[in-house]
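The values are calculated or read from the model by the stated rules, or taken from the named source; none is laboratory data. All of these numbers come straight from a predicted model, not from anything done at the bench. Positions of Cβ are backbone-derived with ideal geometry, glycine not excepted, and every protein chain shown enters the neighbour counts. Note: accessible area is taken over every heavy atom of the protein model, side chains too, but ligands, DNA and RNA are not part of it. Shrake-Rupley method; radii C 1.70, N 1.55, O 1.52, S 1.80 Å.
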Amino acid sequence: AWAIYGAMADLVNTVDILRKPKASRTPKEIDALPSHLKDTNYQITQKTVPVNMSLGGSYGTEFAFAVLTYAVKHNILPVIAMGNEGRYTAAYPAAFPGVLAVGATTAQDKQKDFSNNGAWISISAPGDGVMSCNVHGDDSYQSMSGTSMATPFITGTIGYLLSFDNAHNLTPYQIKKLLEKTADKIDGMAPAVDSFDERYGYGRVNVYKAAKAVTDGGSEIPAPNDFYSEAEIR
């Protein structure tokens, strides 16, 4: 865990450097970049950078909280698996504030029995019987289930949304709320846009509706600080 969160802190610093044009980077900043990026003109132009985190445990450390807070402050959005204990339990880092926590659903739009519940869940995505790469060769695949399958579904969705110019200036919390407001209400959830369920969060992600809201500039995209605060807490 220390290595993972240490890598996250390094990523934040790398992203901060890559947000600058190459000509504006100091020699010290260039030296801090990974070797394959030192001489590149590559620049990160979108405001939000999503990071998938399919991991978790029953307790959260101060170090993990500090790193994730540092990431969110620098417009990096951690997308984190809720955990697979099948009960209402706080699994970390999903239960930390500021992140986007993801639960798992089945092909029948029901909660998968192992997916954790909690007031901190944001959204759900397919996480049952998902075909994924295997480790036994270049053409090896396997069917896998878990909130660790649902989470990259959301991270990939955010990456897709960021392919549209209209999404380049959206903050992490604007993207988070956009996904929540365009999610489908399933399994008896109240139909109101902002209705919440501790099994599903704001519903099961709807990629088409989220993308359409981005391309059309729809009302589903909130103003900064409209729902989630982006102010620094002192």
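The accessible surface of the chain, taken with every protein chain in place and a 1.4 Å probe, is 53 percent carbon and sulfur.
Under 5 Å from the amide H of residue 227 lies no amide H of any residue 5 or more positions distant or on a separate chain, with H modelled from the backbone and absent for Pro and chain starts. Of the GluC sites (Glu not before Pro) found in segment 164-234, the ones in coil according to DSSP and having at most 12 other Cβ atoms within 10 Å of their Cβ are 232.
Using helices alone, what [θ] at 222 nm do you get for the chain, with -39,500 (n - 2.57) per DSSP H run of 4 or more residues, divided over all residues and rounded to the nearest 500?
Using -39500 (n - 2.57) per qualifying helix, the result is -9000 deg cm²/dmol.
Of the chymotrypsin sites (Phe, Trp or Tyr not before Pro) in segment 75-174, the ones in a loop by DSSP (not H, G, I, E or B) with at most 14 other beta carbons within 10 Å are 164. Axis angle, to the nearest 10 degrees, between helix 207-216 and the longest C-alpha principal axis of the chain: 50 degrees.
What accessible area per residue, rounded to a whole number of Å², is obtained for segment 62-182 using a probe radius of 1.4 Å? The partial results should precede the final answer.
On the way: 5010 Å² over 121 residues.
Roughly 41 Å² per residue, with all protein chains present.
Compared with the dominant principal axis of the Cα atoms in the chain, helix 62-73 is inclined by about 80°. Could you tell me whether segment 121-173 comes out rounded, prolate or oblate from its Cα gyration tensor? Rule is a ≥ b ≥ c as square roots of the eigenvalues, rounded for a/c under 1.5, then prolate if a/b exceeds b/c, otherwise oblate. Oblate shape, in that a/c is at least 1.5 and b/c is the bigger or equal ratio. Solvent-accessible area of residue 31, all protein chains in place: 110 Å² (probe radius 1.4 Å, heavy atoms, ligands and nucleic acids excluded). Compared with the dominant Cα axis of the chain, that is its longest principal axis, helix 172-181 is turned about 20°.
Rounding to the nearest 20 debye, state how big the charge dipole of the chain is about its Cα centre with +1 on each Lys and Arg Cβ and -1 on each Asp and Glu Cβ. List each step's numbers first, then the result.
Details: 20 positive and 24 negative charges, 85 e Å.
Around 400 debye, computed over the chain.
Applying a DSSP loop filter and a limit of 11 other Cβ atoms within 10 Å to the chymotrypsin sites (Phe, Trp or Tyr not before Pro) in segment 1-86 leaves 42, 59. With semi-axes defined as the square roots of five times the eigenvalues of the C-alpha gyration tensor, the equivalent ellipsoid of the chain measures 29, 21, 18 Å, largest first.
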